[in-house]
Amino acid sequence: MGVKPNTTIKNGPLSIKFKHAEVDKIHANTEEQLDQALTSFNKDSMSKDYTRMKIEYTVTNHSAKPVDFGGIKQIIFSNGYQINYDDDAMADTGSTEELAPNAKRVEYDLVLLSKSTTTLTPKSIKIITDESDDSKSLDSVSDGSSFSESISYQA
């Protein structure tokens with residue numbers, strides 16, 4: 001999925017490089033794998049067979065101060081469906097994580113897909129990041145950014 005891999009967006013002292021997004025059909029072979037999925041998506045129950053989108057990105061702090069990165073705030077599909085960071089269908093490893101001065105880290109955003117996200121075969125997604133703050137003063141250093149990604153479907 002995606003026709004513009006490795007796009008970098010700069011905002012304040014941060015840069016975010018969206019490496020790629022992929023849609024995977026997952027089968028939890030063990031109870032431990034299913035428990036991990038339940039925990040990731042804050043669910044009480046779900047099928048052992050599910051579909052998820054995994055967005056990989058690298059966030060870099062170019063400043064001499066630690067920054068609390070806001071993570072991915074929202075994903076909007078071209079069919080109008082949107083998923084927010086506080087929905088149980090989205091889990092972002094980078095959300096509200098402190099990023100050390102002059103450091104970079106690879107993060108993943110996992111989105112549990114359902115009929116409403118996949119039935120209309122969306123042609124694109126828009127990714128919106130949340131604001132980020134100075135870790136010490138809590139002052140905003142980045143107001144967030146958005147990035148649109150076309151989707152290509154391959155058999």
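A short reminder: the numbers here are calculations on the coordinates, not readings from a lab. In this text, all values refer to a predicted model and were calculated from it rather than measured experimentally. Please note: Cβ atoms are built from the backbone with ideal geometry, for glycine as well, and neighbour counts cover all protein chains shown.
Cross-link pairs exceeding 25 Å in C-alpha to C-alpha distance, out of 10/43; 19/123; 19/136; 43/65; 19/48; 73/123, comprise 10/43; 19/136; 43/65; 19/48. Here each label is just a point 7 Å from Cα along the line to Cβ, and for residue 137 and residue 105 those points are 2.2 nm apart.
Full extension of the chain segment joining residue 25 with residue 126 gains 34.2 nm, where the gain is 0.36 nm per residue of separation less the Cα-Cα distance.
The ranking of 113, 38, 99 by Cβ neighbour count inside 10 Å, starting from the fewest, reads 38, 113, 99. Remark: the range 24-39, residue by residue, has Karplus-estimated 3J(HN,Hα) of 10, 8, 10, 10, 6, 6, 10, 4, 4, 5, 5, 4, 5, 5, 4, 5 Hz, where x stands for each Gly or Pro and the curve is 6.51 cos²θ - 1.76 cosθ + 1.60 at θ = phi - 60°. Each Lys and Arg adds +1 at its Cβ and each Asp and Glu adds -1 at its Cβ; summed about the Cα centre, the chain shows a dipole of about 760 debye. By other beta-carbon atoms within 10 Å, ranking 35, 92, 133 with the fewest at the front produces 35, 133, 92. Here is how the number arises for the chain: DSSP H runs of 4 or more residues each give -39500 (n - 2.57), the sum is divided by the residue count, and the result at 222 nm is -2500 deg cm²/dmol. Residue order for 88, 109, 139, fewest other beta carbons within 10 angstrom first, comes to 139, 88, 109. Every Cα-Cα pair of the chain was included, and the share exceeding 29 Å stands at 20 percent. Determine the sum of side-chain charges near residue 107: Lys and Arg each +1, Asp and Glu each -1, restricted to other residues whose C-beta is under 9 angstrom from that of residue 107. Surrounding charge for residue 107 is -3.
Going by average Cβ neighbours within 10 Å, how do the peptides 63-71, 16-24 rank, with the highest at the top?
63-71, 16-24
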